[in-house]
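**Student:** What follows is a structure written as structure tokens; I'll ask about it next.
The values are calculated or read from the model by the stated rules, or taken from the named source; none is laboratory data. For clarity, every value in this text was computed on a predicted model and none was experimentally measured. All Cβ positions, even for glycine, are placed from backbone atoms using ideal geometry, and neighbour counts span all protein chains on display.
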Protein chains: 2
Amino acid sequence: MKVSIIAIGDELLIGQVIDTNSGDIAKMLNPVGWQVHNVQVVSDNETDILRAIDYAFSMSDVVLTTGGLGPTKDDITKTTLCKYFGGEMRQDDDTLKNVLEVVAKRGLKINDLTAAQAMVPTSCRVIQNLVGTAPIMWFERKNKILVAMPGVPFETRQMFREAVLPQLLETYKTNIAIEHRTLIITGWSESKLAMEIASWEDSLPEHIHLAYLPKPGLIRLRLDGIHHDKQFINNELNKYHRQLIDKFGDDVLYTQDNSVEEILLQYLSETNLTVSTAESCTGGNIAHLITSVPGSSAAFMGSVVAYSNDVKQRLLNVSAETLASYGAVSIPVVEEMVKGACNALGTDCAIATSGIAGPGGGTPNKPVGTVCIAVKTPHGIKSDTFHFPGNRSRVIERASTTAITMLITQLRSV
Amino acid sequence: MKVSIIAIGDELLIGQVIDTNSGDIAKMLNPVGWQVHNVQVVSDNETDILRAIDYAFSMSDVVLTTGGLGPTKDDITKTTLCKYFGGEMRQDDDTLKNVLEVVAKRGLKINDLTAAQAMVPTSCRVIQNLVGTAPIMWFERKNKILVAMPGVPFETRQMFREAVLPQLLETYKTNIAIEHRTLIITGWSESKLAMEIASWEDSLPEHIHLAYLPKPGLIRLRLDGIHHDKQFINNELNKYHRQLIDKFGDDVLYTQDNSVEEILLQYLSETNLTVSTAESCTGGNIAHLITSVPGSSAAFMGSVVAYSNDVKQRLLNVSAETLASYGAVSIPVVEEMVKGACNALGTDCAIATSGIAGPGGGTPNKPVGTVCIAVKTPHGIKSDTFHFPGNRSRVIERASTTAITMLITQLRSV
């Protein structure tokens, strides 16, 4: 089934908000074998919305819209859909009841604007939004379907998964399966890796496609398989996935599409070890990445974000002498930090970072982007100095990923 | 000038990667008065790319594409553009020289695949990509322009700002100004606020438009102005912005489009106070948000991420008795944490969080989403218990924003 998505909202087109709904919807459609093959972002403007719907229907069976359904005057999607599909606006009693319940749950009272959320085009069937006030509207025309959903990400995610997707699957019957396998490889540049497997890639059958997703220090290789027989395509993907795993041996960091923080927690769980972090330039981002994973409390004990030298000394026992002799951004300091973290937080392993994320603070000897990283396992300490390109957020991101990857590599090498 | 953006890449359509380039480009176009009025995301497929270009040209003067220019076989944008604009592929010597330099800077050697990056359609003019190997290609047809840029976000950002945008501005002369003003308001629901200012909103002139951007606990009101006279529209926006500020008085958290962490650092700088955090359920996210702001080291000293009770006792001096009597997720514990943070990290102010982010760990009395927050200023401690809806990442995000907003409110109330 071919799907197009239209994300509606001025804020998306001036760069104030990033559209994450389309990606969330695509992730839920992949496993059932439906392909999103076009996403459009348009403003809260009738002409633009009407043109986008025409274009989407010209190539798709199902069109999903998100956003533009708020109670305020700038949101005009509902009346625009009424114009497109015909009929007129009417008050829907079930929707009004639902709006009352949602508003009450939030401890608020209904007012004229929230009550107006119960107005819908006569040409649609309403799916009640259990987590928000904007009703979901289902339109049909010539065997094609348009479903209009709210733009608030958690409302879209929950209602698409629990209500819209099941009803779409019931309406259409399809037996095309799209499956994926991912492999994460370290130590290769994208082009060198591509050349290494060029002839293998050329020999892949039509139903298997290889994609490259380079990230700092890592390359994700994704095999996509498409076929009407789900079991066949899974067997095929397993075969080619295995071939890649065998080919890259120790350079394979992981054989699934997990984040490095998930991979780290997996290794720690297998070896029954605990971890903490001592962060200067990464400012708590490594702790944040690790604790974003459900269940991370089993292995992650805590962190000291030591932005000032004073805190490095007080809580991590970094010596004033080392700081004075080598500077805060130095191998001796991160090695003392990583030991201090294990001691202060009582963990088997630790990660420490100290660097210059910028834009200020650079010197000729230690320019912006210089980051020292140390990792400690029960088998010893490993440390290194890196020079990351890019702005502040990019330096923080790269330093965090590199530090986590370093600890994984040390845990694997035992 | 009307601009359309086409983001190319299979990974964007299966939800593996989110398109941030379009937002970045839009943010750079706003100040020069150019409007992005359509964004499309399409796969690495010739038919889809050709259709997307036709559609984009049907409504825009300038079409910008990002992505699909890698050295690997899945990237076919270059040959597709050659088909669309005519001509054939040729090797460009300047591009080859640039590729050699970029590759050498990364400490790598050139190979056949990176060398192939120097092949470009004869129908384009090349703009050298100083930070990557994929050349930027400038095509013209019937007074319309298409510029193809790489998809790696930092390459796109830097090269668009430094090379593509200046050349576009030189090519077209335009004097339409689009300007924005933002106001952040707390303590209002979206619909209640909209009703409060309904008649004021109705009286706005055509060149001023009001948009609502609700976030947990906050509403951003954005005034957009569009006019050929930049000074006139700025005066107009200042007038209506002022009216909103006067209307909402103390409920105005900030009068610019800043994040809460930027606002907090601004208040701390004005009052010459320092801050630290003691984080349990937010896992370092508050420290990460604060340290993402350049210059945060002036006020932010550090953080203790105390995931385990052991760390809460060791580093933050929370008493075993309090933990045993009230549990880790309790007002007495976060109040001890916030004092402990000020003492351990030597700061004037602190933020402490303890809660159940989920999916596990909930109990009937303290379900998932329960979060206790305390903030401390030189004038005292303020604490509260919240129940945030949503999944783990949403609870972490809401708890972080709420905690930072609480400290801002305390600092303002002095």
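**Student:** Within segment A:359-382, does at least one residue satisfy the condition of being part of a helix (DSSP H, G or I) and either over 23 Å from A:Ile263 (Cβ atoms) or hydrophobic (A, V, I, L, M, F, W, C) (or both)?
**Tutor:** No: segment A:359-382 contains no residue that is part of a helix (DSSP H, G or I) and either over 23 Å from A:Ile263 (Cβ atoms) or hydrophobic (A, V, I, L, M, F, W, C) (or both).
**Student:** Tell me, which residue of segment A:383-409 that is hydroxyl-bearing (Ser, Thr, Tyr) and part of a strand (DSSP E or B) is nearest to the other protein chains (Cβ to nearest Cβ)?
**Tutor:** Looking at the filtered set, the residue picked out is A:Thr385.
**Student:** If B:Asn45 meets every condition in (1) within 13 Å of chain A (Cβ to nearest Cβ); (2) touching a helix residue (DSSP H, G or I) at 6+ places or on another chain (Cβ under 7 Å) apart from one, which number is that one?
**Tutor:** Evaluating B:Asn45 over (1) within 13 Å of chain A (Cβ to nearest Cβ); (2) touching a helix residue (DSSP H, G or I) at 6+ places or on another chain (Cβ under 7 Å) leaves (2) as the failure.
**Student:** Another question about this same structure. Could you identify the single residue in B:Ser297, B:Ser303 that is touching a residue at least 24 places away in the same chain (Cβ under 8 Å) and of a type in the set (Gly, Ala, Ser)?
**Tutor:** Of B:Ser297, B:Ser303, the one residue that is touching a residue at least 24 places away in the same chain (Cβ under 8 Å) and of a type in the set (Gly, Ala, Ser) is B:Ser303.
**Student:** A:Ser319 - would you say it is in the same structural domain as A:Ala374 (by TED's automatic domain parsing), modelled with pLDDT under 95, more than 19 Å from A:Leu411 (Cβ to Cβ) and not hydrophobic (A, V, I, L, M, F, W, C)?
**Tutor:** In short, no.
**Student:** A further question on this structure: Restricting to segment A:266-300, name every residue that is in contact with a Phe, Trp or Tyr (Cβ under 8 Å, 6 or more places away or on another chain) and crowded, with 24+ Cβ neighbours inside 10 Å.
**Tutor:** A:Val275, A:Ser276, A:Ser280, A:Gly283, A:Ala287, A:Ile290, A:Thr291, A:Phe300, listed by residue number.
**Student:** Sort out which residues of segment A:380-409 are crowded, with 18+ Cβ neighbours inside 10 Å and free of Cβ contacts under 8 Å to residues at least 40 places away in the same chain, and write them in order of number.
**Tutor:** The answer is A:Phe386, A:Gly390, A:Arg392, A:Arg394.
**Student:** Of the numbered conditions (1) within 12 Å of chain A (Cβ to nearest Cβ); (2) hydroxyl-bearing (Ser, Thr, Tyr); (3) loosely packed, with under 15 Cβ neighbours inside 10 Å, B:Tyr212 satisfies every one except a single condition; which is it?
**Tutor:** Against the list (1) within 12 Å of chain A (Cβ to nearest Cβ); (2) hydroxyl-bearing (Ser, Thr, Tyr); (3) loosely packed, with under 15 Cβ neighbours inside 10 Å, B:Tyr212 comes up short only on (3).
**Student:** So which residues in segment A:107-129 are among the polar types (S, T, N, Q) and more than 13 Å from chain B (Cβ to nearest Cβ), if there are any at all? If you could, list the steps in order and put the result at the bottom.
**Tutor:** Pass one, segment A:107-129, residues among the polar types (S, T, N, Q): A:111, A:114, A:117, A:122-123, A:128-129.
Selection gives A:Thr122, A:Ser123, A:Gln128, A:Asn129.
**Student:** Now, a different point. Exactly one condition in (1) farther than 24 Å from B:Tyr307 by Cβ; (2) free of Cβ contacts under 8 Å to residues at least 24 places away in the same chain; (3) among the basic types (Lys, Arg) is not met by A:Lys366; state its number.
**Tutor:** Result: A:Lys366 fails condition (2) only.
**Student:** Could you check segment A:297-329 and list, in sequence order, the residues that are in contact with a strand residue (DSSP E or B) (Cβ under 7 Å, 6 or more places away or on another chain), over 20 Å from B:Thr291 (Cα atoms) and assigned to a loop (DSSP other than H, G, I, E, B)?
**Tutor:** A:Ala299
**Student:** Quick one: is B:Asn309 more than 27 Å from A:Gly361 (Cα to Cα) and more than 8 Å from chain A (Cβ to nearest Cβ)?
**Tutor:** For B:Asn309, the condition - more than 27 Å from A:Gly361 (Cα to Cα) and more than 8 Å from chain A (Cβ to nearest Cβ) - is met.
**Student:** Same structure again: Just the residues that are of a type in the set (A, V, I, L, M, F, W, C) and under 21 Å from B:Arg392 (Cβ atoms), please, taken from segment B:338-367. So that I can check it myself, show each step before the final result.
**Tutor:** Kept after step one, since they are of a type in the set (A, V, I, L, M, F, W, C), are these residues of segment B:338-367: B:338, B:341-342, B:344-345, B:349-352, B:356-357.
Selection gives B:Ile351, B:Ala352, B:Ile356, B:Ala357.
**Student:** Scanning for something within 7 Å of chain B (Cβ to nearest Cβ) and within 21 Å of the chain's Cα centre (by Cα), does segment A:6-13 turn up at least one residue?
**Tutor:** Step one: of segment A:6-13, the residues within 7 Å of chain B (Cβ to nearest Cβ) are A:10-11, A:13.
With the extra rule that they be within 21 Å of the chain's Cα centre (by Cα), the set shrinks to A:11, A:13.
So far as segment A:6-13 goes, yes, one or more of its residues are within 7 Å of chain B (Cβ to nearest Cβ) and within 21 Å of the chain's Cα centre (by Cα).
**Student:** Tell me, which strands (runs of 3 or more DSSP E) lie completely within segment A:135-193 with 2 or more residues that are at pLDDT below 90?
**Tutor:** A:177-186
**Student:** If you go through segment B:105-124, how many residues are surrounded by 14 or more Cβ atoms within 10 Å (Cβ to Cβ), within 18 Å of B:Phe139 (Cα to Cα) and not hydrophobic (A, V, I, L, M, F, W, C)?
**Tutor:** Total meeting the criteria: 3.
**Student:** Does segment A:55-88 hold any residues that are among the aromatic types (Phe, Trp, Tyr) and under 30 Å from the mean Cα position of the chain (by Cα), and which are they?
**Tutor:** A:Tyr55, A:Phe57
**Student:** Quick test for you: out of B:Gly346, B:Gly360, pick the one residue that is out of contact with any Phe, Trp or Tyr (no Cβ under 6 Å at 6 or more places or on another chain), surrounded by fewer than 20 Cβ atoms within 10 Å (Cβ to Cβ), within 11 Å of chain A (Cβ to nearest Cβ) and free of Cβ contacts under 8 Å to residues at least 24 places away in the same chain.
**Tutor:** Result of the check over B:Gly346, B:Gly360: B:Gly360.
**Student:** Now for a separate question. Run down B:Arg181, B:Arg222 and say which single residue is charged (D, E, K, R), buried (at least 17 other Cβ atoms within 10 Å of the Cβ) and farther than 16 Å from A:Asp75 by Cα.
**Tutor:** None of the others qualify; the one that does is B:Arg181.
**Student:** All but one of (1) of a type outside the set (Phe, Trp, Tyr); (2) on the phi > 0 side of the Ramachandran plot; (3) in contact with a helix residue (DSSP H, G or I) (Cβ under 9 Å, 6 or more places away or on another chain); (4) surrounded by fewer than 16 Cβ atoms within 10 Å (Cβ to Cβ) hold for A:Gly86; state the number of the condition that does not hold.
**Tutor:** In the conditions (1) of a type outside the set (Phe, Trp, Tyr); (2) on the phi > 0 side of the Ramachandran plot; (3) in contact with a helix residue (DSSP H, G or I) (Cβ under 9 Å, 6 or more places away or on another chain); (4) surrounded by fewer than 16 Cβ atoms within 10 Å (Cβ to Cβ), A:Gly86 misses (3) alone.
**Student:** To continue, here is another question. Of the residues A:Val293, A:Val368, A:Val334, A:Val305, which single one is in contact with a Cys (Cβ under 7 Å, 6 or more places away or on another chain) and aliphatic (A, V, I, L, M)?
**Tutor:** A:Val334
**Student:** Moving on. Only one of B:Val102, B:Val62, B:Val36, B:Val32 is within 13 Å of chain A (Cβ to nearest Cβ), crowded, with 19+ Cβ neighbours inside 10 Å, in contact with a helix residue (DSSP H, G or I) (Cβ under 8 Å, 6 or more places away or on another chain) and β-branched (Val, Ile, Thr). Can you tell me which? Talk me through it step by step, then tell me what you get.
**Tutor:** Details: B:Val102 fails: in contact with a helix residue (DSSP H, G or I) (Cβ under 8 Å, 6 or more places away or on another chain); B:Val62 fails: within 13 Å of chain A (Cβ to nearest Cβ); B:Val32 fails: crowded, with 19+ Cβ neighbours inside 10 Å.
Only one candidate qualifies: B:Val36.
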